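Heads up: the structure comes next, in structure tokens.
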Amino acid sequence: MGKDVLIIGGGIAGMEASAYLSAMGYQVTLVEKANELGGHLLRWERLFPTQRHGKEVLSFLHCGIDGKIRVIKNAEPVAAVTRDDLHIVTLSTGEVITANAVLITTGYKTFDASRKEEYGYGIYNNVVTSADLEEMFSSGKEMLTSSGIVPRRVGFIHCVGSRDEKVGNIYCSKVCCVTAVKQAIELKERLPYAEAFCFYMDLRMYGMHFEELYKEAQEKHGVQFIRGRLSEAAENQDHSLLIKVEDTLTGRPLKMKMDLLVLMVGFEPSDGTQKMAELFHLETGSTRFLKMADEHTSTNVSSVQGVFLAGTCSAPRTITSTITDARAAAAKITSYLSQYSIEQREN
Amino acid sequence: MNFDPFIIPFSVGATFLFVWLFGKLFGWIYTLPKRDQKKLQRHVFSFRILRTFGEIVRECLLHFRLFRINALLGYMHASLAAGWFLLIIFGTVESKVQSGKAFNMPYDPIFYRFFNHAPAHTIQLQTLSFLMDTFLLLVLSAVVFAWFKRLRSKWFGMRRTTRQSRVDRVALTALWLVFPLRFLAESATGAIYGNGDFFTGILGRASESDAVFRMIEYPAWWAYSISLCGFFVLLPFSRYMHIPAEIILVTFRRAGIGHLRRFSAFADIEVESCSRCGVCIDTCQLQKDVDIREVLPVYFLRSIRERDTNEKGASKCLVCGKCAQACPVRIDVNNQRIVQREEFNSNKNFQPLHFEKAQYSGGGKIGYYAGCMTHLTPSIKLAMVKILLAAEADFVFLDQEGSLCCGRPMLLAGEFNGAAAIAMRNEKLIKDCGIETLITSCPICLKMFSEEYQLNIPVLHHSQYIEQILEENKITLNLNRSSYTYHDPCELGRGLGIYDAPRSILTKAGKLIEPDLVRKHAPCCGGSIGSVNLTHAEKKAVTTIAIGKYVETHADILVVSCPLCKKTFVGPNKIKVMDIAEIVADRCEK
């Protein structure tokens, strides 16, 4: 066969799609702008719903590609042209790569929580994001607030930058609800005497075992769930936080003191994803994620021929779903490059 | 007595118009609250009425404000209004001088040339005749311009013009016909009897035989009378009602009469004073950016007049006030809007909950009031606290624990009862703190405190306070190389006229680069609480276009002085957005 596939973005989707495509006999080049493969997985200590370590999944992904494909790190595409079904892509290193198919796996970035200024991220020291908390967990250090005390009350704020028209993100980021449940459990495991509160709009426990985890959080760990969106946070003299929330089940406004506030930041298309959209002239949907040719039948197909999508560049996804999507993209690319007759189907 | 049947249409029309107008005026005065009736009485019988006359001449006849918008537009309106007015005045004088009587028939000046065939024989009559022709020429030039404006509105400073209703178009046609027909009739008579002056004599001098003129003379005078009648009868039902209404509006306004919290006589006069000139159309961001036309004052006021308001027109508006500042009649469109909003409220007797919980802290000369919006942008309130500490002010953070709303959002939504209840409670809470000066970071609160509260202490926006302490050298700024561009918030700028304080601070802090539209022409950020039901997508479209103008200045930072503007502008932009208090706090040295 000997056809070339260029994969842009060495995160979960990029790694898994590379593994499958190289196993199927294609010459795969994987371009990653950082100096390490793994993307966001590098930052997640443990994964829902099983609490297994992120590292384990990462080493599984590495096994599929190490020594089998060409990986170019610290590089990103800067120009792309199409000539006779060939994509000619220039990298920031100056190298020019010619490929029969391109797979975009540039993924997401977490929402910049300082845009919700009323939550105090970047202003008050004890307001962190879910990603920051994950780093606190994985650092292995003792959990302390900025004033050096062990937090007694920790609030998890759901839907920060998701389902929020005011910041322009109307979609659900899918993973934050269950991440909050997972992180609350982890917190309780580390600090059994701390109180954990989750402030949610509604809990979307759609995945297999998610509901079990939610039940476990309540029954085993005593995590409290309050339905209501945070309205604002203010800092007290002792650097603890005073938060105002409405409990929408009782219909009453609440003022609560928290030692630590965790903002469950949602997904936005990463800078790389936005850049690839420009470079390859890919259509984006109203949510600014890359547009799939068909929401049911052509989820890995972009608006440009020979350019495919996998992972969170096209929608928020869990790790499980990202891996599945990467394999689907590999199958789709194979079908396209082999000119199978099923390619003639209309959407 | 001069008489001919063709004066009948004119007389009928004029009588109808006068009866109608006096009825209308009586109705307006009758429905005024007693307090306002007294104000009007005192005004009319005082020397201040002379200034009112002055304004009427300047605005209703000479149209100074229109001249300022565009010279052609000003000339067109001024020559029509003033020209016609002078025709009436000098026509009356001419007919009286000629007849030698102080009283003659009211229609005599209108059809003067028909009844007086003798050429002007005295120097007075010759002068008057010359002036009358001059004024007719002036008015006709206005009509020519008006036709031309239909074709090339851009030459008159207007990108878009009003879509007129049917009755307006018929009235317009009648008006446009009046003066050409008068010219025709006078020229015909002038040709036959040789009594035309330099202008109305043109046709007579140009032609040898007067047979044609004998044929058209009489029908022309009939047509002239009928067109006048048509115009007079349609006037009360068309936009031309603005001619008498504006005179009354100016008088009422000068007497100190204003809007009430319901649709009042004053509001009705304003509505009737709208000439539908369409100057407001180009200023409206909702029209330009998201194509919502119902909100345009010209159509919105028409819908009020036709008792046919729609919710979209009443509620979508940002209440930014750009249209009002452009309005040559100075109609208070914002108040018109919120009065109409009351009608669309489902919950007229709303009573706020959780009143008892708000508590403010006292114990300082200066009270700092952040306001709800500033609590949502905490970097602004932290910056203000830092500045107040640096200035060693004897201050207290009134609403540190959270504020009761000032009531303005409800007021703007037309929920007057709820707004009044909140304002009363908040006013008491503030007064109980015993402060001597109130400073707020929120222009929305500031507007409310200044206009609806009786606090009896100075109320300042934080930019005004910072300007003050900078002048008093209580703090100094270390100048740096940053360049700033400044956005005038609606409530602070157009709403309260505070334009200079923020600019004076910024020039002390770095380089100020102004965008194209500043001060009263500055755009709304799009986040206004003035709009009751603009969708997020519509707001975003307005915001994106507004911020684009600031990005074009290539300044490092877009400075705002309103927490709501900040909140609206912050996002994935190409320019950093900060409040003026943050700039000062970052830079201040004691």
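Couple of notes before you dig in:
- Cα shape, region B:1-70, gyration tensor, a/c 1.5 rule: oblate
- Spatial offset of region A:33-91 relative to region B:398-428 amounts to 55 Å, using the alpha carbon center of each.
- Kirkwood-based shape ratio for the protein assembly as shown, expressed as Rg/Rh from alpha carbons: 1.10
- Rounded, prolate or oblate (a/c below 1.5 giving rounded, otherwise prolate when a/b exceeds b/c) for region A:167-307 by Cα gyration tensor: prolate
- Ranked B:SER165, A:SER59, criterion: other C-beta atoms within 10 Å, fewest first: A:SER59, B:SER165
- Distance between the pseudo-spin-label points of B:ARG481 and B:ASN417 (7 Å out from Cα toward the beta carbon): 6.2 nm.
- Distance between region B:9-77 and region B:465-528 - C-alpha centres, whole angstrom: 39 Å
- Our summary gives region B:225-308 a relative contact order of 25 percent, counting only alpha carbon pairs under 8 angstrom and 6 or more residues apart.
- Relative intensity of chain B on a log10 scale, I(q)/I(0) at q = 0.06, 0.07 Å⁻¹, equals -0.42, -0.55, per a Debye sum over C-alpha point scatterers of equal strength in the absence of solvent.
- Sites B:VAL97 and B:PHE16 - FRET efficiency at Förster radius 25 Å, r taken between beta-carbons, to 0.05: 0.30
- Computed from backbone phi with θ = phi - 60° and the Karplus coefficients 6.51, -1.76 and 1.60, the 3J(HN,Hα) list for region B:384-399 is 5, 4, 4, 5, 4, 5, 4, 7, 6, 6, 7, 10, 9, 7, 3, 10 Hz; x is used for glycine and proline.
- Annotation: region B:457-590 has a Kirkwood hydrodynamic radius of 15.2 angstrom, from the mean reciprocal C-alpha pair distance.
- Segment B:PHE198-B:GLU514, length gained on full extension (0.36 nm per residue, minus Cα span): 108.4 nm
- Relative contact order for chain B, counting Cα pairs under 8 Å that sit 6 or more residues apart, in percent: 12 percent
- Here is the list for region B:414-506: GluC sites (Glu not before Pro) lying in DSSP coil, each with at most 12 other C-beta atoms within 10 angstrom of its C-beta, are B:GLU436, B:GLU472.
- For region B:281-320, backbone nitrogen atoms closer than 12 Å to the point 7 Å from B:PHE344 Cα along Cα-to-C-beta are found at B:293-296, B:300, B:309-319.
- Neighbour counts of other Cβ atoms within 10 Å put B:LEU32, A:LEU249, A:LEU42, B:LEU388 in the fewest-to-most order A:LEU249, A:LEU42, B:LEU32, B:LEU388.
- GNM result for chain A, Cα springs below 10 Å: residue of A:ASN236, A:ASN100, A:ASN169 fluctuating most strongly: A:ASN236
- Efficiency of FRET from Cβ geometry, B:GLU392 and A:LEU249, R₀ 45 Å, rounded to 0.05: 0.40
- q = 0.10, 0.11, 0.14, 0.15 Å⁻¹: log10 I(q)/I(0) that the Debye formula gives for region A:48-175, counting C-alpha atoms only: -0.60, -0.70, -0.97, -1.03
- DSSP bridge pairs, the protein assembly as shown: antiparallel proportion in percent, nearest 5: 40 percent
- Legend: calculated FRET efficiency, A:THR297 to A:THR324, from the Cβ-Cβ distance at R0 = 22 Å, rounded to 0.05, equals 0.85.
- For region B:128-241, taking Cα atoms only, Rg and Dmax work out to 16.3, 48 Å respectively.
- Of the residues B:TRP155, B:TRP28, B:TRP221, the one with the fewest other Cβ atoms within 10 Å heads the list, and the complete ranking is B:TRP155, B:TRP28, B:TRP221.
- Extension reserve of the A:MET201-A:GLN344 stretch, reckoned as 0.36 nm per residue once the Cα distance is removed: 47.1 nm
- Computed on region B:398-506, the Cα convex hull volume stands at 128 Å³ per residue.
- Trypsin sites (Lys or Arg not before Pro) restricted to DSSP loop in region B:428-520 with at most 15 other C-beta within 10 Å: B:ARG481
Values in this text are rule-based calculations from the coordinates and carry no lab data. The shown structure was predicted, so the numbers you read here are calculated from the model rather than taken from an experiment. As a convention, Cβ positions derive from the backbone with ideal geometry for all residues, glycine included, and neighbour counts pool all protein chains shown.
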